[in-house]
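*Asks:* Okay, handing you the structure first.
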Amino acid sequence: MTLIYALAAGALFGIGAYLVMRRDLLRVVLGVVVISQAATLTLMASALGFGAAPIYPLPSGAISDPLSQAMALTSVVIGLATTALLLVLVLRVVDVFRSQGLDEVAEDEVAQEATLDAEHALGHEDEEAAAR
Amino acid sequence: MSHPTPLAWLAVVIAALAFGACLLLAMSGGGRVDIPWIPSLGIRFELEFDGLAAMYALLATGIGVAVFTYGAGYLPIHLHHAHRPRDDDRRFWPWMLLFMAAMVVLACAQDLIVLFVAFDLTAVASYFLIGFDRERRDARGAAMMALLVTVTTAVLMLIGAVLLSVEHGTSSIPTLIDVAEAGPVTTLATLLIAVAALAKSAQVPLHFWLPRAMEAPTPVSAYLHSAAMVAAGVLVIGRIHPLLALEPMVLDGLLVIGVCSIVIGGLLSLAQDELKQVLAYSTVSQYGYVVVLYGLGGPVAAGAAAFYVIAHAIAKSALFMTAGTVILATDETRLSRLGGLVRPMPLLAAASGAAAMALAALPLTIGFFKDELFFAAATERGPLTGIVAVLAAALTLAYIGRFWLRLFAGPLGIEPHAVPRLLVVPILVLGVLGIAGGIVVEPFARLAEAAASVTYGAPVAIHPAYHLDTRPENLMALAAWLVGAIILVAAPIRQPIVTRVAVLGGRLGPRRWYGALLQGLSRLSDAIHGEEVRDLRRSVAAVLVPTGVLIGIGFLATPSAWDYRIGDIGREDLPVVVLLGLGVGAALTVTRDPGRLRPVLALSVLGFALAAVYAVMAAPDVALVAVLVEAVYTLVFVAVFAVLPLSQRAAASAAHTARRRRDLAAGVIAGIGAFITIWAALSREPSQRGDALELIRLTPQAHGSDVVTVILADFRGLDTMVEITVLAVAVVGATSLLRRGRSW
Amino acid sequence: MTLLSLAILIPWAAGIALVAVDGRRPVVGWAAVATLGGTLVALVALGAEVLTHGEVVVTTGGWPRGVGITLRADAAGVLFAVLSVGVLLAATAHLVMGGVRERTFPGIVVLLAAGLTGLFLTGDLFNFYVFFELAMLASYVLATYGGSRRSLGSALVFTLVNLLGTFVFLLSVAGIYHVTGTLDMAAIGARMDAVDPNAGILIAVGFFVAFSVKLGLFPFHFWLPTVYTGARPAVAAILAGGLANVGAYGLLRFGGELLPRELDLAAGALVVIGAASVLYGGVLAISRHNGSEMLAYSAIGQVGYVLVAVGIGGPVGFAAAVMISIVNSLNKVLLFLTTRMRGAIVGWAFLLGALSVAGVPPAVGFVAKMELFRAAADAPALLVLLFLGSAMSLLYAFQIYQYDFWRTERHGPRSHRSQLAVLGIVAAVVLVAGLWPEPLVYLSDAAARAVGGAAVVVGDGTVVSDGLPAVTSAP
Amino acid sequence: MSSIIGVVAPRLLGPALILAAAIIVKGYADVGDGFSAGVIVATALALRYVSLGWELAERSLPVLRRAPQVATAGLLIALATGFAGPLVGDPPFTHYPRAGESVIHIGTLELITAVVFDLGLFLFVTAAFVVLIHHLARLAQGGPR
């Protein structure tokens, strides 16, 4: 099962990463959810023992590792929190940029960078030239 | 208009007091300060007013008094010309005083780190002084250049100091001199320190900042570029000379650089037309003498070097001040337009004549002895250095003669206006000092002897005197005067040659390289920056790909038992395998589907499949929460995505396909990286039994039965508390984004 | 123990209370400042206790170590906590004096402080992760403040990239747990030796990436310039001076204590990446035309030094890394705060910061540079690199100084007097620490010893030191 | 489909609350904790939002308006429980009665501070989700900005 878990978690991580890189911002949020699922699965898979649920009265055989379960629970909630924030952020960006693409945001950035730079470029380059 | 400000007088008084204190200290035999400074590193704030310190401190404060007095008169006029308020001198005097203080500390410093600190402080002060006329672009550029060259090279000094202290366990110079032996580290370290010192003393090829620094107001040039800043370099060499002398090659290097500086500085000085430029290149050349002397080594040279510094400082600061006075009086900076000033300004002519004679080493000036000692040291080494010494002295005579004659002799160029007395008196004092030193040389010689003893590491005795015989020094002096006079007179032949040298230097010289380096850096910077802004800033792949690459390298490059396990897959595992397959398949459809709703539903299939997996893995708590959270996700995404329109852009362009491919590649890299890491970790079993067993054992003591719940609320309740705080921050963040922080 | 609890509780409780009220009211802002001040006092007192009596350890619920969460204050943790909270205090005070515009700012910044203190004072891996997330979420929210398009866009990328970073971190946490069976940092350090280095190194890469993203090391830095230039100066100061410490601390703690062997194996790679960062940041900072952008790239270059120092390792290397982190923090706060201020003192403050960045006395930067040279004394290639780096830093810092301050005075009304006072205090710290560097050197040494002193392990992986209770098996 | 939700959703709240109460009361003994209880209640409320629209949902349950305060209170209760220990010289997150001491039972409910912690958790999670849902619903259903 080791390999199966690793494969599944790796595949989810890769799929999530691919989604995060898409230009559609809402898909980016989905990507983060998938990645967080990958992380939770990994935490669960990293348990040191598999068996019955760790609830008293304990059965005599093997018991599942409760610590990794507790970690998985915490990480699920944290994943939920981050996703919520990211989703709202994306909604705001969509609202402000009137676009759902990371590309448009990037183009905007390039344009702003250029205007910002142009303000000072001449004076600055002259200053640099003076030091030569 | 020309009355000095109170601040200026205050500065003069402080300088005078400092000079008095130094004089007292020197006569009372010195003193020392030694307090722990950074005990953890064994660095002590160690100062000692020894012979070397006395000489440089007296120069810094003594010349300081003269120059400050001059500056008190100069600055109001300077500011007036530039239409600046009189009180702009508050940007001036504090730096001058800081400079003086740093110089005195530098002179006394017995610890390499303290030495470095003082050394850099002088550079910082010089930046502000050189750039005092900050409204002028050239002044700012010059300040920047001086800062860059001297501070950057000073880093080498720090490296050298650290290397020495790591090698020998101390950074105290006297201790180092005691314990250090020749070796590669010591040689490298001292070499680095020497480079810093040479750059500071404006030696070829790092001399180019000095002529540019003439953008500074004249008092700054007169102080920094004759007796203080440039002297700091040779002071350091004089201080660590015993370490340098451990490796003869280093001394030979000094010799070569010194000779180059003498020749290049001298030739370029002859080629200049601007008054202060002539003097600047002359300074390059003159400090070349001192460096040559240190390169020669031995007691005679050490004595000569010290004496040379004294004589040069007196003469050169007087000459700089002369240049400043002439410029203020005539508003002209070019030698070719000036002349005949001896009649309108006789006092100035006489005073600066004395200084010029001293620099040119004519008899009855202190300068005569500097060359006498120089020649003695040079001939000691061999005939070749002797010949070089004569040529050097001839060059000096020529350029300084040219300078003075062009200014004061010949027909009147420009009629000067009257100048305040403060602009002449300090020059006169220094001129008289130069003559006095030529008559009563004893005090100066003693000062130089004490300094040289520190440099040489053993008592040194020098005996400058007039000897009316045919000893080599005298013959060499005569030869130098003769050759110098010839060069001076043969202007029609001389000028084309030196002009050509100057042009060649401008084209191939280090300054050109320096400029090209800066420009190249700037262009490189712009090019990469443009690339980054265009393509990388928004790219998440830019993080994932390097991560994947690092994991790949780590995977391949690490020694390993290559212990990757597939693990058993029993029949009872079948549901898990199926569910995982279902989840991954669902996730895959998310990547393909361009719509809104179906990806969300596919995602919830993934979520519920995983929840089922957790249930099968005997993790009911996780399964419960996973189901609940998944329900929330689905609800929220459906609600939110439903109201958002699809992205408008058509998605068929070639660029889009290429982009998709690139993302796919990055995603695959990220996935493989994650897979390898996870597989590697899961394949190894822990070396010891897990803490989990302990958790299970202690659960009844925490009054519970469900171990996971007990962990969440008790054993690791802190985690849970942080977790819900995280949730709170997320909610707060959401409200602040959506409703500007209104919570309802 | 009480101090340790207090240091975590004060900002936590106050933060929760503060996010619930309208932070635009001055009293709320000042309450945030007071809270940070109180936290700082508690931390300093804790630090004094640590330095005199050794590290303070407490396990939650009084359970045995490994069962409860270990909270631990050692020299490194407390030093970084003091530094970060100090930075937050200065920046918050500065911002509050200028008027807070966001309702939630004071609360969020205090919660950020809670997250940072928690992660610096915990001795438990997973607890570190959750505090880490707390700090990160608070900083995502901070990054969105300002509301301009630019800051929103940059906040999005900041959030995305750092989210990826924390997920990678989480994967590594899972890996560590699986191979060691414990979450207690000291126990992990002891048990990692028995783990196959191949697995160890892959896990280590995960941590490295997470912290590199936080630090903004090349090539994980692409988010950084936009965020630092898009955010308000005080927020940029918080991110650059406060949050980035997490990266430096993480590298030291995880490299020195948890994964020393992996650190050894990867030392060469770390040095190379650090060197690349130094050069990249340095080159790009040259010829940037505004102060914030220069500072952003300068930050990338300067953290490269941290990595180089960690790569060199050993007590000297670690001490240098701690020292550089401290100095970086101070520089960045000082310089970012100056970016939109006016007044005579601003130029001086920037000058001090520029000198410090360039490693020129009397500002404190030169001490860090000296420590770095000491660490790299045996490696000529590194000395060359450090030389180049410091030459470039001098160039870019003074280019901006000259253009922004020396060429002309900044026009417009002078900044608020109290803001100038905050700036003055930070500047004074930079200056005094340069004139009297002994405390800083001493503390860096102590911190380096704390993270470098992993438990001693004998052959079969049995822990023999560090007082960890023996792990007994279940009945 | 939506009509089913419309009918079911408003009636889900009661059962959800009972379920949540059960989860908290049985405490450490079985699966589930304050968090799951909170999410269950919040989900039921979310369904109300979906079916009734945000305005109607809030008008029908005015108590929702108190959500931010409840969330803060919940967090502070949990935090206070966690850090009560240091007040009496115990480590943080010490729960009382301590290990091995006897516990008073009221049915299956054990009177231990961990339950208080769980209760704080429940209050916070429920309220926090409500706040989040409120804002998202306003946004999605075009509430005034």
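The values are calculated or read from the model by the stated rules, or taken from the named source; none is laboratory data. Just so it is clear, the structure is predicted and the values come from calculations on it, not from any experiment. Note that each Cβ is placed from the backbone with ideal geometry, even for glycine, and that neighbours are counted across all protein chains shown.
*Asks:* Which residue is nearest to the chain's Cα centre (by Cα), if the candidates are limited to segment B:130-144 and must be away from chain A (no Cβ under 11 Å) and either of a type in the set (K, R) or over 18 Å from B:H83 (Cα atoms) (or both)?
*Replies:* B:I130
*Asks:* Tally time: how many residues in segment B:320-338 are assigned to a helix (DSSP H, G or I) and more than 30 Å from the chain's Cα centre (by Cα)? If you could, list the steps in order and put the result at the bottom.
*Replies:* From segment B:320-338, those assigned to a helix (DSSP H, G or I) are B:320-330, B:335-337; that's our starting set.
Pick out the ones that are also more than 30 Å from the chain's Cα centre (by Cα) and you get B:322-323, B:325-330, B:335-337.
Of the residues in that region, 11 qualify.
*Asks:* Out of all the residues in segment C:195-207, which are at the interface with chain B (Cβ under 7 Å from one of its Cβ atoms) and part of a helix (DSSP H, G or I)?
*Replies:* Selection gives C:P197, C:N198, C:A199, C:I201, C:L202, C:I203, C:V205, C:G206.
*Asks:* Also: Take the residues of segment B:637-664 that are modelled with pLDDT of 85 or more and facing chain A (nearest Cβ under 7 Å): which is surrounded by the most Cβ atoms within 10 Å (Cβ to Cβ)?
*Replies:* Checked segment B:637-664; the qualifying residue surrounded by the most Cβ atoms within 10 Å (Cβ to Cβ) is B:D663.
*Asks:* So which of A:M71, A:M44 ends up being surrounded by 24 or more Cβ atoms within 10 Å (Cβ to Cβ), under 23 Å from C:Y129 (Cα atoms), hydrophobic (A, V, I, L, M, F, W, C) and facing chain B (nearest Cβ under 7 Å)?
*Replies:* Of the residues listed, the single one that is surrounded by 24 or more Cβ atoms within 10 Å (Cβ to Cβ), under 23 Å from C:Y129 (Cα atoms), hydrophobic (A, V, I, L, M, F, W, C) and facing chain B (nearest Cβ under 7 Å) is A:M44.
*Asks:* Taking only segment D:31-56 into account, find how many residues are touching a strand residue (DSSP E or B) at 6+ places or on another chain (Cβ under 7 Å) and crowded, with 24+ Cβ neighbours inside 10 Å.
*Replies:* Qualifying residue count, segment D:31-56: 0.
*Asks:* Something else now. Working only within segment D:111-145, note down all residues that are in contact with a His (Cβ under 6 Å, 6 or more places away or on another chain) and surrounded by fewer than 23 Cβ atoms within 10 Å (Cβ to Cβ).
*Replies:* D:T113
*Asks:* Between a first residue in segment D:85-107 that is more than 7 Å from every other protein chain (Cβ to nearest Cβ) and a second residue that is outside any strand (DSSP E or B), which pairs have beta carbons less than 6 Å apart while being 6 or more apart in sequence or on different chains?
*Replies:* If the second residue must be outside any strand (DSSP E or B), the pairs left are D:G85/D:P91; D:G85/D:P92; D:G85/D:T94; D:Y96/D:T113; D:P97/D:V103; D:I104/D:L111.
*Asks:* Return a yes/no flag: does segment A:105-114 have any residue that is touching a helix residue (DSSP H, G or I) at 6+ places or on another chain (Cβ under 7 Å), buried (at least 23 other Cβ atoms within 10 Å of the Cβ) and facing chain B (nearest Cβ under 7 Å).
*Replies:* yes
*Asks:* How many residues, within segment D:21-58, are away from chain B (no Cβ under 11 Å) and among the small types (G, A, S)?
*Replies:* Residues flagged as away from chain B (no Cβ under 11 Å) and among the small types (G, A, S) within segment D:21-58 amount to 5.
*Asks:* Now for a different question. Looking at this structure, is C:S277 among the hydroxyl-bearing types (S, T, Y) and more than 14 Å from chain A (Cβ to nearest Cβ)?
*Replies:* yes
*Asks:* Quick check: anything in segment B:251-262 surrounded by fewer than 24 Cβ atoms within 10 Å (Cβ to Cβ), more than 20 Å from B:R512 (Cα to Cα) and touching a His at 6+ places or on another chain (Cβ under 8 Å)?
*Replies:* Scanning segment B:251-262, I find no residue that is surrounded by fewer than 24 Cβ atoms within 10 Å (Cβ to Cβ), more than 20 Å from B:R512 (Cα to Cα) and touching a His at 6+ places or on another chain (Cβ under 8 Å), so the answer is no.
*Asks:* When you scan segment B:1-46, how many residues do you find that are part of a helix (DSSP H, G or I) and either crowded, with 19+ Cβ neighbours inside 10 Å or within 14 Å of chain C (Cβ to nearest Cβ) (or both)?
*Replies:* Summing the residues that are part of a helix (DSSP H, G or I) and either crowded, with 19+ Cβ neighbours inside 10 Å or within 14 Å of chain C (Cβ to nearest Cβ) (or both) in segment B:1-46 gives 12.
*Asks:* What is the number of the single condition among (1) within 60 Å of the chain's Cα centre (by Cα); (2) more than 7 Å from every other protein chain (Cβ to nearest Cβ); (3) in contact (Cβ under 8 Å) with a residue 40 or more places away in the chain that B:P575 does not meet?
*Replies:* Every condition holds for B:P575 apart from (1).
*Asks:* Looking at B:R523, B:R565, B:R534, B:R592 in this structure, which one is of a type in the set (K, R), within 14 Å of chain C (Cβ to nearest Cβ) and closer than 28 Å to B:I676 by Cβ? Explain how you work it out, then say what you get.
*Replies:* Details: B:R523 fails: closer than 28 Å to B:I676 by Cβ; B:R534 fails: closer than 28 Å to B:I676 by Cβ; B:R592 fails: within 14 Å of chain C (Cβ to nearest Cβ).
The match here is B:R565.
*Asks:* Collect the residues in segment B:13-38 that are modelled with pLDDT under 95, among the aliphatic types (A, V, I, L, M) and under 31 Å from the mean Cα position of the chain (by Cα), keeping them in residue-number order.
*Replies:* B:V33, B:I35, B:I38
*Asks:* So which of D:L56, D:L87 ends up being part of a helix (DSSP H, G or I) and under 20 Å from C:L3 (Cα atoms)?
*Replies:* Of D:L56, D:L87, the one residue that is part of a helix (DSSP H, G or I) and under 20 Å from C:L3 (Cα atoms) is D:L87.
*Asks:* Shifting gears a bit: Could you please find all residues in segment B:595-631 being at the interface with chain A (Cβ under 7 Å from one of its Cβ atoms) and more than 15 Å from A:V76 (Cβ to Cβ)?
*Replies:* Selection gives B:P599, B:A618.
*Asks:* On to the next question. Find the residue count for segment C:136-169, including only residues that are closer than 18 Å to A:L19 by Cβ and within 7 Å of another protein chain (Cβ to nearest Cβ).
*Replies:* Let us first name the residues in segment C:136-169 that are closer than 18 Å to A:L19 by Cβ, namely C:156-157, C:159-168.
Then drop every residue that is not within 7 Å of another protein chain (Cβ to nearest Cβ), which leaves C:156-157, C:159-161, C:163-164, C:167-168.
Result for segment C:136-169: 9.
*Asks:* Also, quick follow-up: Working carefully through the options B:I678, B:I669, find the one that is touching a residue at least 60 places away in the same chain (Cβ under 8 Å) and at the interface with chain A (Cβ under 10 Å from one of its Cβ atoms).
*Replies:* B:I669
*Asks:* Just one of C:S154, C:S139, C:S148 is of a type in the set (S, T, N, Q), under 28 Å from B:G741 (Cα atoms) and more than 22 Å from the chain's Cα centre (by Cα); which is it?
*Replies:* Among C:S154, C:S139, C:S148, only C:S148 is of a type in the set (S, T, N, Q), under 28 Å from B:G741 (Cα atoms) and more than 22 Å from the chain's Cα centre (by Cα).
*Asks:* Okay, moving on. Got at least one residue in segment B:160-171 being under 16 Å from the mean Cα position of the chain (by Cα) and within 14 Å of chain A (Cβ to nearest Cβ)?
*Replies:* Within segment B:160-171, not a single residue is under 16 Å from the mean Cα position of the chain (by Cα) and within 14 Å of chain A (Cβ to nearest Cβ).
*Asks:* Could you tell me whether segment B:458-469 includes any residue that is assigned to a helix (DSSP H, G or I) and in the same structural domain as B:I264 (by TED's automatic domain parsing)? If you could, list the steps in order and put the result at the bottom.
*Replies:* First, pick out the residues of segment B:458-469 that are assigned to a helix (DSSP H, G or I): none.
No, that holds for no residue.
*Asks:* Could you say which residue among C:G62, C:G54 is at the interface with another protein chain (Cβ under 9 Å from one of its Cβ atoms) and more than 15 Å from C:A138 (Cα to Cα)?
*Replies:* C:G62
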